[in-house]
Amino acid sequence: RAKEVGRNSFQLFKPAMNARSLERLAMMSRLQSAIEHHEFELYFQPKQCLQSNKILGVEALLRWHEPTLGVISPAKFIPLAEELGLIVRLDLWVLEQACKELANWRTLNLDAGRLAINISAIHLRQGQLASNVQRLLIHYGVSPAKLEIELTESCFISHFSEAKQELMALKKLGVHITLDDFGTGYSALSYLTKLPIDTLKIDASFIAKVPDEYGNSEIVSAIITLAKSLNMQVVAEGVEKLEQLNYLHSLTCDTIQGYYFCRPITRQQWYAFYQQQLELS
Ligand code: C2E
Ligand code: MG
Ligand code: MG
Ligand code: MG
């Protein structure tokens with residue numbers, strides 16, 4: 001920061017900037033020690049198959065329990081972690097927890113499909129994601145087919161060839177690759193045919209406006225058709241209402257995720273939810 005502003009140090013003391021940057025600075029230094037202090041926890045949000053109503057998989061979502069501030073949203077701290085160069089460490093922590101969790105599932109005989117984690121574009125670019133994934137899968141004795149990695153289009157915008165290489169390596173391992181927040185990025189659609197993507201996840205902002213808002217429903221319908229014609233699976237995220245579910249079902253969308261089916265919940269709640277779903281089916 002200070003370097004950017006140069007020698008014009010008076011800039012640092014502008015009152016409005018002061019409060020904001022102090023808050024950021026405080027958050028950043030807290031974030032640095034949060035991993036060691038075990039302040040992170042994975043929550044779980046299941047995905048539901050619209051054909052069978054069964055759980056097809058579950059997404060791990062990171063939560064930070066900051067001792068004085070309470071729960072901080074990843075939307076807030078992930079960008080900070082990226083800026084601080086902490087994101088790879090954080091992603092690796094999540095990846096390792098996910099592998100441990102999958103090893104638990106096997107012990108518990110819990111067959112809940114795949115476990116998905118979110119990985120930052122920065123991590124993908126760095127070039128060691130596939131080897132990290134391989135190492136941890138082997139270490140915990142987990143099948144690669146049980147792991148799903150969710151990435152956003154921002155991964156491919158500026159470093160296409162590096163990202164492609166890494167995705168190819170992940171695909172070769174047998175890990176499932178999902179494109180998250182689909183439809184919100186700015187990259188050309190042609191990349192869809194050049195990368196080994198298994199699933200498109202339609203961004204929640206489109207789902208929020210179906211079935212009512214003209215234009216949005218057409219976009220959602222077009223994405224589903226596009227995914228199917230490219231032999232990809234398709235997930236709708238942010239499904240909150242029955243009308244949205246019914247509409248997506250009528251468009252033959254494979255899978256839904258959202259508050260309607262289940263909110264992100266703790267591990268214990270997730271096990272209970274899974275048991276309850278088993279008894280229902
Ligand atoms: P995402 O991967 O697109 O996750 C979906 C977000 O929508 C989650 O927010 C989830 O809690 C929320 N959500 C799910 N269903 C509904 C719904 O029906 N309605 C509404 N309004 N929201 C819903 P969350 O957990 O706050 O995460 C935000 C973003 O932070 C994630 O977006 C992902 O990009 C990032 N993130 C979360 N965990 C991790 C992680 O472990 N590593 C990395 N690199 N990023 C993560
Ligand atoms: Mg995601
Ligand atoms: Mg998303
Ligand atoms: Mg997102």
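The values are calculated or read from the model by the stated rules, or taken from the named source; none is laboratory data. A quick note: this is a predicted structure, and the numbers were derived from the prediction, not measured. Here the Cβ is made from the backbone with ideal geometry for all residues, glycine too, and neighbour counts use every protein chain on show. Accessible surface is based on the protein model in full, side chains and every heavy atom, while ligands, DNA and RNA are left aside. Shrake-Rupley method; radii C 1.70, N 1.55, O 1.52, S 1.80 Å.
Can we say Lys172 is open to solvent by 40 Å² or more (accessible area, probe 1.4 Å), charged (D, E, K, R) and away from ligand 3 (no atom under 16 Å from the Cβ)?
yes
Considering each of Ile219, Ile224 in turn, give the residue that is open to solvent by less than 40 Å² (accessible area, probe 1.4 Å) and either more than 17 Å from Gln48 (Cβ to Cβ) or outside any loop (DSSP other than H, G, I, E, B) (or both).
The conditions single out Ile224.
Consider Asp212 carefully, then state whether it is charged (D, E, K, R) and in contact with a His (Cβ under 7 Å, 6 or more places away or on another chain).
No.
Given (1) under 30 Å from Glu162 (Cβ atoms); (2) of a type in the set (A, V, I, L, M, F, W, C); (3) in contact (Cβ under 8 Å) with a residue 24 or more places away in the chain, identify the lone condition not met by Ile207.
Status for Ile207: all satisfied but (1).
With at pLDDT 95 or above, out of contact with any Leu (no Cβ under 8 Å at 6 or more places or on another chain) and either within 16 Å of ligand 4 (Cβ to nearest atom) or of a type in the set (A, V, I, L, M, F, W, C) (or both) as the only criterion, which of Leu25, Leu56, Leu50, Leu61 stands out?
It is Leu56.
Can you pull out every residue in the stretch 98-111 that is open to solvent by less than 40 Å² (accessible area, probe 1.4 Å) and at pLDDT 95 or above?
Ala98, Cys99, Glu101, Leu102, Ala103, Trp105
I need the full set of residues from the stretch 71-90 which are of a type in the set (A, V, I, L, M, F, W, C), under 14 Å from the mean Cα position of the chain (by Cα) and open to solvent by 10 Å² or more (accessible area, probe 1.4 Å), in order please.
Ala75, Ile78
When you check Ser229 against the structure, is it farther than 19 Å from Ile55 by Cβ, away from ligand 4 (no atom under 16 Å from the Cβ), open to solvent by 80 Å² or more (accessible area, probe 1.4 Å) and over 19 Å from the mean Cα position of the chain (by Cα), yes or no?
yes
Would you please name the residue that is nearest to ligand 1 (Cβ to nearest atom), looking only at residues in the stretch 177-197 that are touching a strand residue (DSSP E or B) at 6+ places or on another chain (Cβ under 7 Å) and open to solvent by 20 Å² or more (accessible area, probe 1.4 Å)?
Top of the filtered list is Asp181.
Results for (1) part of a loop (DSSP other than H, G, I, E, B); (2) buried (at least 20 other Cβ atoms within 10 Å of the Cβ); (3) free of Cβ contacts under 8 Å to residues at least 60 places away in the same chain, shown as yes or no for each residue.
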site	(1), (2), (3)
Val239	yes, yes, yes
Glu243	no, no, yes
Cys253	yes, yes, no
Arg263	yes, no, no
Gln268	no, no, yes
Tyr271	no, no, no
Gln277	no, no, no
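Do we find a residue being under 27 Å from Ser143 (Cβ atoms), open to solvent by 70 Å² or more (accessible area, probe 1.4 Å) and over 18 Å from the mean Cα position of the chain (by Cα) anywhere in the stretch 60-70?
No, every residue in the stretch 60-70 fails to be under 27 Å from Ser143 (Cβ atoms), open to solvent by 70 Å² or more (accessible area, probe 1.4 Å) and over 18 Å from the mean Cα position of the chain (by Cα).
When you look at Leu137, is it part of a helix (DSSP H, G or I), on the phi < 0 side of the Ramachandran plot and not β-branched (Val, Ile, Thr), yes or no?
Yes; evaluated as a whole, the condition is true for this residue.
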